[in-house]
1. Considering only residues of the range 4-33 that are part of a helix (DSSP H, G or I) and within 12 Å of residue 85 (Cα to Cα), which is modelled with the highest pLDDT?
2. Surrounded by fewer than 17 Cβ atoms within 10 Å (Cβ to Cβ) and within 19 Å of the chain's Cα centre (by Cα): is that true of residue 336 in this structure?
3. Name every residue in the range 355-372 that is closer than 18 Å to residue 293 by Cβ and without any contact (Cβ under 8 Å) to a residue 40 or more places away in the chain, in order of residue number.
4. Can you report the number of residues in the range 198-213 which are farther than 14 Å from residue 283 by Cβ and either under 29 Å from the mean Cα position of the chain (by Cα) or in a loop (DSSP other than H, G, I, E, B) (or both)?
5. Looking at the range 141-154, which of the residues that are in contact with a helix residue (DSSP H, G or I) (Cβ under 8 Å, 6 or more places away or on another chain) and not in a helix (DSSP H, G or I) is nearest to residue 70 (Cα to Cα)?
6. For the range 34-77, which residues satisfy the criterion of being surrounded by 14 or more Cβ atoms within 10 Å (Cβ to Cβ) and in a helix (DSSP H, G or I)?
7. Is it fair to say residue 80 is more than 29 Å from residue 294 (Cα to Cα), buried (at least 20 other Cβ atoms within 10 Å of the Cβ) and assigned by TED's automatic domain parsing to the domain that holds residue 136?
């Protein structure tokens, strides 16, 4: 290919750790493998670059978060202009690009929806005050608006993210938008045979009558763990909850103690064998207050597990309406949905719908068309 078909990917970090970082690394790898000259414009390189990818490092000043964000936006834009690229793709925190991928929703919608995860009163108001006063957040909001103005195609990672973008920025309805889901590797997840499932449950100390609900995540508040604990009050005693995730559970243990359901709740910490945990469960429950598109929902479905989530989780797009709760803070409604789901047949696995674009190939198609 000619030099004027060079492509630039822009993201503060070149890394394989993190959702946006891992996706960007895979996309750069795929573009280079397809024969495109690729520059990866970043502030910091944390891993070896993919074969055929040239790293353009703009550096990172030893200052606070806001200064680092501002520096990358400025330096990446300067590198973009100097590079004379045929196509630029941004994964966030930039000023101008041809294609903008929004892996998260707009900050204003995140604030509006996520604040419901905190108790009304001082706790919630103090949390929101800290967010409003943080210089980095003011800068992120400014960059978000500028990036959305200065792009030709905006790609959302779920229909829910697209909805949030249109709520926060109604003028985007006049611009070109597209939804392309992440496509996690589900080959590790499959339904277990009944005898295998019985063995796994026995090793976990579960009896035949026990009904196990699993929740997994790193931010227990945003994932709706508090609502799930409160829902236990309205559910039969044989219903138990196991929580996977390496976070301090002190607040939620205290909540369970106050509701006298602490003996039905277990915190597992980091779980390396998630396929077995999904297979052992009777229900995977993720009543998220804000979730762009949880891979865990798809992993659980692929494992033959019933799933309940909220409408504010992008991956609820793949669930039937009766398995989606409208208000992730309504414990009684969640308990009703859980009881209904526990009485429904277990799914037989998950096949990606053919009419839902996902993974890397749609991005490669876009690049081919734009450079064609």
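The values are calculated or read from the model by the stated rules, or taken from the named source; none is laboratory data. From a predicted model like this one, the values you see are computed outputs, not experimental measurements. A quick note on method: Cβ atoms are made from the backbone with ideal geometry, for glycine too, and the neighbour counts reach across all protein chains shown.
1. Initial filter on the range 4-33 (part of a helix (DSSP H, G or I)): 4-5, 19-33.
Among the residues that remain, those that are also within 12 Å of residue 85 (Cα to Cα) are: 4-5.
Working: 4: 64, 5: 84.
Here the answer is 5.
2. On the way: surrounded by fewer than 17 Cβ atoms within 10 Å (Cβ to Cβ): yes; within 19 Å of the chain's Cα centre (by Cα): no.
Answer is no for this residue.
3. Within the range 355-372, the first condition is being closer than 18 Å to residue 293 by Cβ, and the residues that meet it are 355-363.
Answer for the range 355-372, where residues must be closer than 18 Å to residue 293 by Cβ and without any contact (Cβ under 8 Å) to a residue 40 or more places away in the chain: 355, 361.
4. As a first pass, look at the range 198-213 and keep what is farther than 14 Å from residue 283 by Cβ: 198-200, 202-205, 207-209.
From what is left, the residues that are either under 29 Å from the mean Cα position of the chain (by Cα) or in a loop (DSSP other than H, G, I, E, B) (or both) are 200, 204-205, 207-209.
Final tally of qualifying residues: 6.
5. From the range 141-154, those in contact with a helix residue (DSSP H, G or I) (Cβ under 8 Å, 6 or more places away or on another chain) are 141, 143-144, 148, 153-154; that's our starting set.
Subset that is not in a helix (DSSP H, G or I): 153-154.
Working: 153: 23, 154: 22 Å.
Filtering first and then ranking leaves 154.
6. The answer is 66, 67, 68, 69, 70, 71, 72, 73, 75, 76, 77.
7. Details: more than 29 Å from residue 294 (Cα to Cα): yes; buried (at least 20 other Cβ atoms within 10 Å of the Cβ): yes; assigned by TED's automatic domain parsing to the domain that holds residue 136: yes.
In short, yes.
Residue-by-condition table, conditions (1) at pLDDT below 95; (2) farther than 30 Å from residue 277 by Cβ:
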residue	(1), (2)
131	yes, yes
134	yes, yes
139	yes, yes
152	no, yes
158	no, no
172	no, yes
183	yes, no
